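Trainee: Pasting a structure here, questions to come.
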Amino acid sequence: MRAARLIKMVLLLQSRPAMTAAELARELEVSERTVTRDAQALSEAGVPVYADRGRAGGYRLVGGYRTRLTGLAREEAEALFLSGLPSALREMGLDDAASAARLKVTAALLPSLRDAPRSAARRFHLDAPGWFHEPVSPELLPALAEAVRDDRLVRARYRRGATDEVERELAPYGLVLKAGVWYLCAGAGDDVRVYRIDRFTSAEVSATRFDRDEDFDLPGFWAEHAARFARSLLRGEVTVRLSEAGFARLPHVVDRAAVDDALAGAVGPDADGLRTLTLAVESEEVAYGQLLALGPEVEVLAPAALRARFTEAAERLRALYR
């Protein structure tokens, strides 16, 4: 365990000019004291790890030291060949580059691991798009991917409605593939915003590079954006009474964030084993379709109009199964 951590520490320092003890501790998931001990152990073993003192100090490798500890275990090699979605790479225009990289990695593997690509492909397959939706590759995606890779400004026209178009100069920070739909996270003025790529009508990649904010965290930004977007859709409320079965199935039919909020205020179970809660929903129409999937495991208490729709649905079902 410690040997693997020491190797990782050397590889981290090899990939960067210097790292603070706090940065190394975060990457290695240990304490800063452990980082200090590990650095001393590496130095005693002949690895030239140097510690700069002071507030701006940190650890670095002296004299361009390069480790030869680059061997891959089987699970590491197989994971490497699963690290990208072939369809996504193809849509971004990177399939040739990815293929060449895989060949180079394969050639560098030990003979006993040369079957790692085939082994991984036979056992795992990644399919990003959701069910019942035919994925469509946006025509402008390769150009935007190039701009993202090279930190180049983009002059783009974006469709906001059926006919309304706006022109923007964007600093493209990153691409996100969500359920088969591509999004661009790009700086527009002082804000970073999200754009659906299939709504771009034109995109001209500039020769001018922008200064990327090195603190920008694409996964963290997207997680916050997705959570805000999901909650922004929840503009109505319904009050329901659920059986234990309905309570257990509720997270599978409505928005998870809405369920988490509703559970905090849930009442019950009562003498009949039923729980009452108020649930945020997108609209009455959406709530009707979602809650109908729970059948007799849910009773709508409010609003009255939605309860009336369920009463009518129940009567129609009773007539069908009489």
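Trainee: Dipole of the range 230-283 (Lys/Arg Cβ +1, Asp/Glu Cβ -1, origin at the Cα centre): which of V259, S243, L277 lies farthest to the positive side?
Mentor: V259
Trainee: Please give the peptides 140-147, 273-280 ranked by average Cβ packing (other Cβ atoms within 10 Å per residue), highest first, as a rough proxy for protection.
Mentor: Numbers: 140-147: 20.4, 273-280: 18.4.
Ranked from most to least packed, the peptides come out as 140-147, 273-280.
Trainee: In addition: Could you please report the charge total around R155, scoring K, R as +1 and D, E as -1 over all other residues with beta-carbon less than 10 angstrom from its beta-carbon?
Mentor: Values: positive: R157, R168; negative: E167, E169, E204.
My count for the surroundings of R155 gives -1.
Trainee: Does the range 138-229 come out rounded, prolate or oblate, given a ≥ b ≥ c as the square roots of the eigenvalues of its C-alpha gyration tensor, rounded meaning a/c under 1.5 and, failing that, prolate meaning a/b above b/c? Intermediate values should be presented prior to the final figure.
Mentor: On the way: a/c = 1.45, a/b = 1.04, b/c = 1.39.
Verdict is rounded for the range 138-229.
Trainee: Could you please report the charge total around R2, scoring K, R as +1 and D, E as -1 over all other residues with beta-carbon less than 15 angstrom from its beta-carbon? If you can, show how the numbers build up before the last one.
Mentor: Details: positive: R5, K8, R33, R37; negative: E29, D38, E44.
Net local charge, R2 excluded: +1.
Trainee: Another question, if that's okay. With the cut-off at 1.5 for a/c, could you classify the range 232-322 from its C-alpha gyration tensor as rounded, prolate or oblate?
Mentor: Values: a/c = 1.82, a/b = 1.25, b/c = 1.46.
Oblate.
Trainee: Could you calculate the FRET efficiency of A314 with D190 from 1/(1 + (r/R0)^6), where r is the beta carbon distance between them and R0 is 56 Å, rounded to 0.05? If you can, show how the numbers build up before the last one.
Mentor: Details: r = 53 Å, r/R0 = 0.95.
Here the calculated transfer efficiency is 0.55.
Trainee: Need one word for the range 7-66: rounded, prolate or oblate. Basis is the Cα gyration tensor (sqrt eigenvalues a ≥ b ≥ c); a/c below 1.5 gives rounded, then a/b vs b/c decides. Show your work: numbers first, answer last.
Mentor: Values: a/c = 1.35, a/b = 1.19, b/c = 1.13.
It is rounded, given that a/c, with a ≥ b ≥ c, falls under 1.5.
Trainee: With a cap of 14 neighbouring Cβ atoms within 10 Å, and only residues DSSP puts in a loop, list the trypsin sites (Lys or Arg not before Pro) found in the range 157-193. It would help to have the intermediate numbers written out before the result.
Mentor: Values: sites: R157, R159, R160, R168, K178, R193; in loops: R160.
Listed in order of number, the matching sites are R160.
Trainee: Using the Cα centre as the reference, give the magnitude of the dipole from point charges on the C-beta atoms of the range 272-322 (Lys, Arg: +1; Asp, Glu: -1; all else neutral), rounded to the nearest 20 debye. Could you put the intermediate results ahead of the total?
Mentor: Details: 6 positive and 8 negative charges, 43 e Å.
Result for the range 272-322 is approximately 200 debye, rounded to the nearest 20.
Trainee: As a test, work out the antiparallel percent of DSSP beta bridges whose residues both lie in the range 159-213, rounded to the nearest 5. Don't skip to the end; give the middle numbers.
Mentor: On the way: 14 of 14 bridges.
About 100 percent, rounded to the nearest 5.
Trainee: In the range 174-322, what percent of the accessible surface is made up of carbon and sulfur (1.4 Å probe, ligands and nucleic acids excluded)? Walk me through the intermediate numbers first.
Mentor: Details: 4510 of 8960 Å².
Result for the range 174-322: 50 percent of the exposed heavy-atom area is carbon or sulfur.
Trainee: Here is a follow-up. GluC sites (Glu not before Pro) within the range 214-320: which are DSSP loop residues with at most 10 other Cβ atoms inside 10 Å?
Mentor: In loop regions of the range 214-320 (DSSP not H, G, I, E or B), the sparsely surrounded GluC sites (Glu not before Pro) are E214.
The values are calculated or read from the model by the stated rules, or taken from the named source; none is laboratory data. Predicted model, so just to flag it, every value in this text is computed and none were measured. Positions of Cβ are backbone-derived with ideal geometry, glycine not excepted, and every protein chain shown enters the neighbour counts. For the accessible areas, the whole protein counts, side chains as well, though only heavy atoms, and no ligand, DNA or RNA atoms are used. Shrake-Rupley method; radii C 1.70, N 1.55, O 1.52, S 1.80 Å.
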